[in-house]
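J.: Handing you this structure, nothing more for now.
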Amino acid sequence: MSSTPKKQSLLDMATQKIVESQLWRSIFRHGYPDTPLNQSLVMMGNVFLHLHPVKVSRQAMKITYTWCMGGISFFLFLLLTITGVFLMFYYVPHPDVAYQNINQLNSVVAFGNLVRNMHRWSAHLMVVSVTLHMIRVFYHGAYKPPREFNWVVGVLLFFVTLFLSFTGYLLPWDQIAIWAITVGTTLAPYTPLLGDTVYKVLLGGSAVGQETLIRFYVGHVILLPLAGALLMAVHFWRIRKDGGAAGPPPAPSRSIKAGAEKERIPTGVR
Ligand code: HEM
């Protein structure tokens, strides 16, 4: 008995033609990822999928495991960069015009008030999300080997975030900004060994003034964002190499034998 081959529908034929075309195969080099080998090959052969490890812990994929605090911090960083570039078109870092520019942004510039507030609120939120992310990582013990280097990179990112917030605070050049930074920078001379140097480098003089404003501006729009972007690139690459977010540790063999142990250990000794 010979079985007649099943007739292909037009859609099946079109799909097959596309999947077998040179264009398709130049982008997707492997078949459907239905075997562990194919899954690995697909992940490694595609630049976007390659950003993720081939295997991740099922538990660590749950949204309630990380609360996506790292992802939210990254999103806020991107939002801050975009809104910050918009603000740069209207802001001149000079004591004569800085405050006026900010007022104009609030009242005259189209969408100025909205974008300025997006920038301010994202900055506050980023400090909160990075702190919560750090607490989450600590709570899960994800700072332990092999992730100890990434913890150090994270600590640097935490300081970059705080300094971005600190330097940005001076830019509106209003009374609250000038006095907050005056108070903040008065702490600098108490830095062990380097106290006076740190104070002079930060202020550019003996009090908050024009030199301070330009220093904080350059730090806020160039140096710190660049340092942040570089550190984030290392941070994400390290997460990828360490196999994604650390899942919970494997159940200790004791808990498997717990039932048997219960029978041996008398109550009160446990
Ligand atoms: C701008 C700041 C930061 C960004 C954008 C960021 C981003 C991320 C992302 C997206 C992840 C993947 C898992 C998750 O979302 O929780 C992650 C993991 C991690 N982050 Fe951060 N992070 C930042 C700051 C920090 C800080 C301040 C620390 C600690 C001091 C830290 C330490 C770590 C460690 C150790 C991991 C691996 C966690 C694990 O394997 O479970 N990061 N980070």
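J.: Could you grab me the full set of residues in the range 181-195 that are more than 16 Å from GLY219 (Cβ to Cβ) and either touching a helix residue (DSSP H, G or I) at 6+ places or on another chain (Cβ under 6 Å) or surrounded by 14 or more Cβ atoms within 10 Å (Cβ to Cβ) (or both)?
T.: Scanning the range 181-195 gives THR182, PRO189, THR191, GLY195.
J.: Quick check on the range 61-75. Is at least one of its residues under 30 Å from TYR217 (Cβ atoms), within 16 Å of the ligand (Cβ to nearest atom) and exposed (fewer than 15 other Cβ atoms within 10 Å of the Cβ)?
T.: yes
J.: Something else about it: List pairs: first residue in the range 157-169 and over 17 Å from ARG120 (Cβ atoms) and modelled with pLDDT of 95 or more, second residue near the ligand (Cβ under 10 Å from one of its atoms) and small (Gly, Ala, Ser) anywhere in the structure, Cβ distance under 8 angstrom, at least six positions apart or on different chains.
T.: Going by the 8 Å Cβ cut-off, the qualifying pairs are LEU157/GLY228; VAL160/GLY228.
J.: Still on this model: Return yes when TYR32 is more than 26 Å from VAL130 (Cβ to Cβ), in contact (Cβ under 8 Å) with a residue 60 or more places away in the chain and more than 18 Å from the chain's Cα centre (by Cα) and no when it is not.
T.: So TYR32 fails the test.
J.: While we're on this one: Considering the range 137-169 alone, what residues qualify as being more than 6 Å from the ligand (Cβ to nearest atom), surrounded by 15 or more Cβ atoms within 10 Å (Cβ to Cβ) and not in a helix (DSSP H, G or I)?
T.: Across the range 137-169, there are no qualifying residues.
J.: Within the range 1-58, count every residue that is part of a helix (DSSP H, G or I), loosely packed, with under 12 Cβ neighbours inside 10 Å and of a type in the set (Val, Ile, Thr).
T.: Going through the range 1-58 one residue at a time, the tally reaches 2.
The values are calculated or read from the model by the stated rules, or taken from the named source; none is laboratory data. Predicted model, so just to flag it, every value in this text is computed and none were measured. For neighbour counting, all protein chains shown are included, and Cβ atoms are generated from backbone atoms with ideal geometry for every residue, glycine included.
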